[in-house]
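K.L.:
The structure is given below, and queries will be raised subsequently.
The values are calculated or read from the model by the stated rules, or taken from the named source; none is laboratory data. Not measured: the values here are computed from a predicted model. No Cβ is skipped: glycine too gets one built from the backbone with ideal geometry, and neighbour counts run over all protein chains shown.
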Amino acid sequence: MINPNTRLPPYLADMQREVEGYAREYGLDFFDTVFEMLDYQRMNEVASYGGFPTRYPHWRFGMEYEQLSKSYEYGLSKIYEMVINNNPCYAYLLEGNSSVDQKMVMAHVYGHCDFFKNNYYFSKTNRRMIDGMANHAMRVRKHIERHGIEKIESFIDVCLALDNLIDPMSPYIERRSKPRKEEESSEATPEVPRLRAKAYMDKFINPPEFMEAQKKRLDDEKQQEKNFPEHPERDVLHFLIEHAPLERWERDVLEVVRNEAYYFAPQGATKIMNEGWATYWHSKIMTQRALTASEIIDYADHASGVTATAQGQLNPYKLGVELYRHVEERWDKGRFGKEWDECQDMAARKSWDRRVGLGRKKIFEVRKLYSDVTFIDEFFTEEFCREQKFFSFGFNERSGNWEIESREFKKVKMRLLSQLTNFGQPFILVVDGNFENRGELLLKHKHESVDLRIDYARDTLESLCKVWKRPVCILTRVDGKGKILRYDGRDHSDKNADYV
């Protein structure tokens, strides 16, 4: 736990009250925010645990701590702030930062806190996750005491290799049908409904071939209900928890990993929006309210580093803040609606200004309702793409260099959306828990522009096999042809198959 003695010194407490007042004046709405001051070693330690120093013990946290520490010591990176989606929000400041940096970080944090509280995709997350992480750690430590650290850590390794096989939309969408009543789920085949008709007209009103087709359809639906699972399931971890032959402690550890994966999923789905929103507000608060004349140069120097773009990399801070500003300008000038969309005169579009002043209201609405995918899909316009000089970047195997692939708007936007959809990872579904009546698990790669990397797929099959404890298969598409990859616990194999 954080030492209470690390609370803010008086001058920073005064600074916090000042910045918080500015944030509320601008209309930001956030949970109570508690700032802690940490030295760089403690900051790296907390960061290695994902911001939760109460998490369960595992070797990967130590590995991440070493990486962060070496990166800081060699001057390659520096953590200025960290904030946790919780009620109250907890934020950490790095000891030794200048007062300008601390002020900017506080303004940035309040932007994040407002986003956590109000964005729809965070509405289903646990707002007491600090306590939840402590509870998870206690459960894992109990298992360690009973079964030993090596056994538990090895199984956690397996679970972490699968923690992306969840359904990020399941908290907001009911995927599973509700259990049927006993009388509705009986084995009797439902009777085919017939239209009322006189006996001599019955075969014309209810043709035998039509009635037979309807009977077959109902039989197929009845058989579908008996499938295992009834419908393809995207939440692979949930299916494993329910149906895999796990020991009690294994099921408990898998539940812990799945619970934490769902907590962090909205952060991955809103990275651009979240960082852009925080950057927008720290820029607004600092340049319009909080800065003194003597701090402007230092602020400009440090803030420019936040939005700097390295070659071949996407900076979520830069893209997010510029897109919010673009949306605000469009709605301030009335560049939306049917008349705007139908205008083809480039000179008229460039000078278009209806002075409606709806920009601030619009970006607050966007902050509330959108994720990165919908944000980019709706507001990443051709004008914005051209202004910001976006292009798609890829590796040319023939030249051996990373090169610009295209500056065409549609290709650039589709490339960006494909990187964001499902976090750029393939869609994997459970389609059969008793494949070929042998108790094998069959998954399917839902091919939507993202190919399956065979080496990654084989590693994943090995981890799944350790949980399912029987052979595991996945149906995918390789070079345009269907193929089933299989792992039986010892060897990998593959065979051709129809991909439907």
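K.L.:
For segment 33-77, name all the residues that are in contact (Cβ under 8 Å) with a residue 24 or more places away in the chain, crowded, with 16+ Cβ neighbours inside 10 Å and assigned to a loop (DSSP other than H, G, I, E, B).
P.N.:
Within segment 33-77, Gly50, Gly51, Phe52, Pro53, Thr54, Arg55, Tyr56, His58 qualify.
K.L.:
In addition: Would you confirm, using the coordinates I've provided, whether Ser186 is at pLDDT below 65, assigned to a loop (DSSP other than H, G, I, E, B) and more than 30 Å from His445 (Cβ to Cβ)?
P.N.:
Taking the combined requirement at face value, the residue satisfies it.
K.L.:
Further, regarding this structure: What pairs can you find where one residue is in segment 253-268 and more than 17 Å from Ile241 (Cβ to Cβ), the other is assigned to a helix (DSSP H, G or I), and their Cβ atoms are less than 8 Å apart, with a gap of 6+ or different chains?
P.N.:
Pro266/Tyr121; Pro266/Phe122; Gln267/Asn274; Gly268/Phe423
K.L.:
With the condition kept exactly as written, say whether any residue in segment 364-383 is farther than 30 Å from Pro266 by Cβ and surrounded by fewer than 19 Cβ atoms within 10 Å (Cβ to Cβ).
P.N.:
No, because not a single residue in segment 364-383 is farther than 30 Å from Pro266 by Cβ and surrounded by fewer than 19 Cβ atoms within 10 Å (Cβ to Cβ).
K.L.:
So which residues in segment 242-252 are closer than 14 Å to Val158 by Cβ, without any contact (Cβ under 8 Å) to a residue 24 or more places away in the chain and not in a loop (DSSP other than H, G, I, E, B)?
P.N.:
Scanning segment 242-252 gives a single hit, Arg251.
K.L.:
Hey, Gln223 hits all of (1) at pLDDT below 70; (2) surrounded by 12 or more Cβ atoms within 10 Å (Cβ to Cβ) but one; which does it fall short on?
P.N.:
Looking at each condition in turn, Gln223 falls short on (2).
K.L.:
Next up: Of everything in segment 57-83, what is over 27 Å from Val256 (Cβ atoms) and within 22 Å of the chain's Cα centre (by Cα)? Give them in sequence order.
P.N.:
Glu81
K.L.:
State all residues of segment 280-299 that are in contact (Cβ under 8 Å) with a residue 40 or more places away in the chain, closer than 20 Å to Ser99 by Cβ and not aliphatic (A, V, I, L, M); if no residue qualifies, say none.
P.N.:
Trp281, His282, Lys284, Arg289, Glu295, Asp298, Tyr299
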